[in-house]
Amino acid sequence: MSAVLEAAGLGKRYRRTWALKDCNLAVPRGRIAALVGPNGAGKTTLLHLAVGLLAPTTGSIRVLDQAPGDPELLARVGFVAQDTPLYRDFTAAELLTMGGKLNRRFDQPLARGRLERHGVPLDRRVGGLSGGQRAQVALALALAKRPHCCCWTSRWPASTRWPAASSSRR
């Protein structure tokens, strides 16, 4: 069994405070896994370590058998941060165009279809969308990369439908 995400003795410390300590984890490929815990448990820190936004203080982490932050790996990982950072002055359609230009593999029909199914207006500026609609735009952008691994640190609307495992891998 090969793990999509693997951590061994992983820890991240900020001065004297541990945000994550002695984390051991293996998430098998082809699975959807959720990190559940109270505020301050280290869930977001773990995912930031997984995508290379933070460096570990102790231990190691591998994603798809590679070190986080490797440029080849970034093309295979979808990530959405907690505040769903999007350019608020862009329309959803403009963000999809930008996603296609910034990513070698970008499934424009998948992203557009997803937003249309969820009633997200493509011609409206993202800043004028509801929080749930913005989350759907961010998720559509991440999934359109056809990632082998997708990490997010947000609460998703109840209407979120996950693609079948076979359709999210290539």
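Descriptive notes on the structure:
- Computed from Cα positions, the angle between helix 131-144 and the longest principal axis of the chain comes to roughly 80 degrees.
- Residues Glu94, Glu6, Glu116, arranged from fewest to most other Cβ atoms within 10 angstrom of their Cβ, appear as Glu116, Glu94, Glu6.
- Paramagnetic reach from Asn24 in region 51-67 [backbone N under 15 Å; point 7 Å along Cα→Cβ]: 59-61
- Label-reachable residues, region 20-61, where backbone N falls under 12 Å from a point 7 Å from Gln82's Cα toward its Cβ: 38-48
- Shape class for the chain: prolate, because the ratio a/c of the largest to smallest gyration tensor axis (alpha-carbon atoms, square roots of eigenvalues) is 1.5 or more and a/b beats b/c.
- Cα shape, region 3-47, gyration tensor, a/c 1.5 rule: oblate
- Non-local Lys pairs in the chain, i.e. 8 or more apart or on different chains, that have alpha carbons under 12 Å apart: 4
- Förster radius 25 Å - calculated FRET efficiency between Arg124 and Lys101, Cβ distance, rounded to 0.05: 0.75
- Projected label points at Ala93 and Ala34, each 7 Å from Cα along the beta carbon direction, are separated by 3.5 nanometres.
- P(r) for region 67-156, from all Cα pairs and a bin width of 5 Å, is 3, 15, 27, 26, 19, 7, 3, 0 %, short bins first.
- Using the Cβ-Cβ distance between Arg16 and Ala41 with R0 = 22 Å, the FRET efficiency computed as 1/(1 + (r/R0)^6) comes to roughly 0.75.
- Each Lys and Arg contributes +1 and each Asp and Glu -1, all at the Cβ; summed about the Cα centre of the chain, the dipole is approximately 120 debye.
Bear in mind these aren't lab numbers, they're just calculated from the coordinates by the rules spelled out. These numbers come from a predicted model, not from an experiment. A quick note on method: Cβ atoms are made from the backbone with ideal geometry, for glycine too, and the neighbour counts reach across all protein chains shown.
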